[in-house]
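A short worksheet on the structure shown next.
The values are calculated or read from the model by the stated rules, or taken from the named source; none is laboratory data. What you are looking at is a predicted structure, and each value in this text was computed from that prediction instead of being measured. Positions of Cβ are backbone-derived with ideal geometry, glycine not excepted, and every protein chain shown enters the neighbour counts. These area figures cover heavy atoms from the full protein model, side chains too; ligands, DNA and RNA do not enter into them. Shrake-Rupley method; radii C 1.70, N 1.55, O 1.52, S 1.80 Å.
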Amino acid sequence: MADSLRITRGSDELKSYRAIKDKAVAPSEQTLCQNRYFCTTCASYLWAHSDEWPQWIYPYASAIDTALPVPGQTASIMLDSAAEWAKPDKVQKRNETFAGYPPYSLEQWHAEHADLG
């Protein structure tokens, strides 16, 4: 798992779930989604991790307890399928918007914006 993840307490309360992409195909014949980790006490979703990319973890925003800097720029994606109440404020400055996926990866976005540690 990524070196940047440090569990300071409660590791005995963690469980993971690996979703099946296509239930019509036997699990032994398909690639399963990433592991999704959650708390067994409160059911909070904490992070996702894929064995294909062991250096990366994808924390759920509410699970981050470290102060983070306010980003200078953001991107909102998949807006064609977003509920009206979930669409970004149209006056938000420095927010790229995309009807679907952008033409670059999350890693590329962070590399271009110097936000990779």
- Note on the structure: Residue hits (region 19-50; open to solvent by 70 Å² or more (accessible area, probe 1.4 Å) and aromatic (Phe, Trp, Tyr)) are TYR45
- Filtered residue count, region 25-51, keeping only those that are at pLDDT 85 or above and among the aliphatic types (A, V, I, L, M): 3
- Item | Residue in region 70-79 that is part of a loop (DSSP other than H, G, I, E, B) and more than 21 Å from GLU112 (Cβ to Cβ) present | no
- Looking only at region 51-97, which residues are under 27 Å from ASN35 (Cα atoms), among the aromatic types (Phe, Trp, Tyr) and either without any contact (Cβ under 8 Å) to a residue 40 or more places away in the chain or surrounded by fewer than 12 Cβ atoms within 10 Å (Cβ to Cβ) (or both)? TRP53, TYR58, TYR60
- Message: Looking only at region 13-25, count every residue that is touching a Ser or Thr at 6+ places or on another chain (Cβ under 9 Å) and over 15 Å from HIS49 (Cα atoms) and tell me the total.
- Response: 2
